[in-house]
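Trainee: The structure under discussion is supplied below as structure tokens; questions concerning it will follow.
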């Protein structure tokens, strides 16, 4: 009876950890998503390059060094997240909230910033690059205080024509 109970408890732990969220770093290895304070994050599933993360709740997620190339993060909640040295190249951040997000050393090039809320983003001026990032006319992001988009190589584009 005792061994059956231990087996059941072990099974519950295995199942629980199998559902924990993971993210991929630039070295290709996967890591469990933690909060910025070191606890377990509530996010389930994988966060990585090309992932569909529309409306994802990644607030206060520690995604240090994450590979988020071409990820669809439209309308995602990244408030307070650690994106230190993360690669957001080609990602879609339209409508995403990045208040208090740490962008030190992040690559934010060729990234769609249309309608993103960057107010309060931390260390945006220490991002590795913003070059080639863009937003569509009439969908200008909310910029952090002092950020000059043109100086960083962020451009305004005409919206694509609808057929």
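Trainee: Which one is farthest from the chain's Cα centre (by Cα), of the residues in region 56-70 that are surrounded by 22 or more Cβ atoms within 10 Å (Cβ to Cβ) and closer than 25 Å to residue 136 by Cβ?
Mentor: Here the answer is 56.
Trainee: Restricting to region 29-43, name every residue that is part of a strand (DSSP E or B) and within 14 Å of the chain's Cα centre (by Cα).
Mentor: 34, 35
Trainee: Give the residues of region 119-134 that are under 16 Å from residue 96 (Cα atoms) and surrounded by fewer than 22 Cβ atoms within 10 Å (Cβ to Cβ), sorted by residue number.
Mentor: Of everything in region 119-134, those that are under 16 Å from residue 96 (Cα atoms) and surrounded by fewer than 22 Cβ atoms within 10 Å (Cβ to Cβ) turn out to be 119, 120, 122, 134.
Trainee: Which is assigned to a loop (DSSP other than H, G, I, E, B), at pLDDT 95 or above, over 16 Å from residue 88 (Cβ atoms) and more than 16 Å from the chain's Cα centre (by Cα), of 146, 132?
Mentor: 146
Trainee: Report, by residue number, each residue of region 46-70 that is farther than 17 Å from residue 127 by Cβ and assigned to a strand (DSSP E or B).
Mentor: 46, 47, 52, 57, 61, 62 - these are the residues of region 46-70 that are farther than 17 Å from residue 127 by Cβ and assigned to a strand (DSSP E or B).
Trainee: Next up: Would it be correct to say that residue 53 is crowded, with 20+ Cβ neighbours inside 10 Å and free of Cβ contacts under 8 Å to residues at least 40 places away in the same chain?
Mentor: Criteria met by residue 53.
Trainee: Of these, 48, 105, which one is surrounded by fewer than 20 Cβ atoms within 10 Å (Cβ to Cβ) and in contact with a strand residue (DSSP E or B) (Cβ under 9 Å, 6 or more places away or on another chain)?
Mentor: Going through 48, 105 in turn, the sole match is 48.
Trainee: Now, a different point. Among the residues in region 62-70, are any farther than 21 Å from residue 40 by Cα and touching a residue at least 24 places away in the same chain (Cβ under 8 Å)?
Mentor: no
Trainee: Follow-up question, since we're still on this one. Among (1) buried (at least 17 other Cβ atoms within 10 Å of the Cβ); (2) under 15 Å from residue 84 (Cβ atoms); (3) over 13 Å from the mean Cα position of the chain (by Cα), there is one condition residue 26 misses while meeting the rest; what is its number?
Mentor: (1)
Trainee: Right, next: Please specify each residue of region 111-157 satisfying the condition of being at positive phi and in contact with a strand residue (DSSP E or B) (Cβ under 8 Å, 6 or more places away or on another chain).
Mentor: 115, 123, 132, 153
Trainee: Tally up the residues in region 71-92 that are in contact (Cβ under 8 Å) with a residue 40 or more places away in the chain, within 10 Å of the chain's Cα centre (by Cα) and part of a loop (DSSP other than H, G, I, E, B), please.
Mentor: Matching residues across region 71-92 total 1.
The values are calculated or read from the model by the stated rules, or taken from the named source; none is laboratory data. Quantities reported herein were computed from a predicted structural model and do not represent experimental measurements. In this analysis, Cβ positions are derived from the backbone assuming ideal geometry, glycine residues included, and neighbour counts consider all displayed protein chains.
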